[in-house]
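**Student:** Encoded as structure tokens, here's the structure I'll be asking about.
Each reported figure results from applying straightforward, stated rules to the coordinates on display, with no laboratory input. Predicted model only: the values in this text are computed from it and were never measured. Using ideal geometry, Cβ is built from the backbone for each residue, glycine included, and neighbour counts are taken over all protein chains shown.
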Amino acid sequence: MARFQIKCFEDEAVIFDTASGDTHYLKPLTLALYQTSHESPVLTSAEIAQALAQRLSLAVTPQFSLLVDEALTSLRQIGLMETP
């Protein structure tokens, strides 16, 4: 069985960690970031921000980049993404 089981609900998701028993909620931005990073796992955080902004038709602003960095850190802390 895979460690993480994901269930998507339109633009949100919940992820169950079978190892710890924890359940994590991914809000729309975090889910889109997770999907973007898994489609292109070799991107840097700046490249992920650019790809995500394009995917969501948003501008890459300092605030948006900060949100992306925070979401990446959160995904790494729960084990959904590897630390670069």
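**Student:** Restricting to region 1-37, and then to whatever is under 17 Å from residue 73 (Cβ atoms) and in contact with a Cys (Cβ under 9 Å, 6 or more places away or on another chain), can you tell me which residue is surrounded by the most Cβ atoms within 10 Å (Cβ to Cβ)?
**Tutor:** 26
**Student:** OK, next. Taking region 55-83 only, how many residues are free of Cβ contacts under 8 Å to residues at least 24 places away in the same chain and either closer than 21 Å to residue 2 by Cβ or assigned to a loop (DSSP other than H, G, I, E, B) (or both)?
**Tutor:** 9
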